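Accompanying notes for the structure given below.
Bear in mind these aren't lab numbers, they're just calculated from the coordinates by the rules spelled out. All values derive from a computational prediction rather than experimental measurement. Note that each Cβ is placed from the backbone with ideal geometry, even for glycine, and that neighbours are counted across all protein chains shown.
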Amino acid sequence: MTIFNLVYLGCGVLGVLVLVYKIPDLRRRWGSPLLWSLCAVILTSATGMLLAAPANITVLRDITGVTNIAAPVVYALQVAYSASALRLSA
């Protein structure tokens, strides 16, 4: 496993742990749009990091059979992250 795999996977796992920490707050304050935006930012960044890891790119390619499927998925997650971050700052 290369250092790139470890960095991406480590950041992704850290994001998942932060999201797990924030879920009880989201359940308590269900109607808070800022908290929803925060959880969306965390979810999209963690998922993007996990899917951008080179080891997971090959797994995703093997599952779907499409050669470069990880790139559009990660780019779509980056767009969702940007939209959530813009909503969070407003």
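Within the stretch 43-90, restricting attention to residues that are of a type in the set (G, A, S) and outside any helix (DSSP H, G or I), which residue is nearest to S32 (Cα to Cα)? Here the answer is A90. Selection of the stretch 53-65 for residues being aliphatic (A, V, I, L, M), more than 13 Å from the chain's Cα centre (by Cα) and surrounded by 12 or more Cβ atoms within 10 Å (Cβ to Cβ) yields A55, I57, V59, L60.
Residue-wise test of (1) in contact with a Gly (Cβ under 7 Å, 6 or more places away or on another chain); (2) in contact (Cβ under 8 Å) with a residue 24 or more places away in the chain; (3) hydroxyl-bearing (S, T, Y); (4) surrounded by 12 or more Cβ atoms within 10 Å (Cβ to Cβ).
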{"site": "L6", "(1), (2), (3), (4)": "no, no, no, yes"}
{"site": "G12", "(1), (2), (3), (4)": "no, yes, no, yes"}
{"site": "L19", "(1), (2), (3), (4)": "no, yes, no, yes"}
{"site": "R27", "(1), (2), (3), (4)": "no, no, no, no"}
{"site": "G31", "(1), (2), (3), (4)": "no, no, no, no"}
{"site": "V41", "(1), (2), (3), (4)": "no, yes, no, yes"}
{"site": "A46", "(1), (2), (3), (4)": "yes, yes, no, yes"}
{"site": "L51", "(1), (2), (3), (4)": "no, yes, no, yes"}
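Selection over the stretch 21-60 of residues that are more than 19 Å from L77 (Cα to Cα) and not aliphatic (A, V, I, L, M) gives a count of 11.
Filtered by the rule that a residue be under 27 Å from Y21 (Cβ atoms) and hydroxyl-bearing (S, T, Y), the stretch 42-90 gives T44, S45, T47, Y81, S82, S84, S89.
Just one of the listed residues (A80, A76) is in contact with a helix residue (DSSP H, G or I) (Cβ under 6 Å, 6 or more places away or on another chain) and either under 18 Å from Y8 (Cα atoms) or in contact (Cβ under 8 Å) with a residue 24 or more places away in the chain (or both), namely A80.
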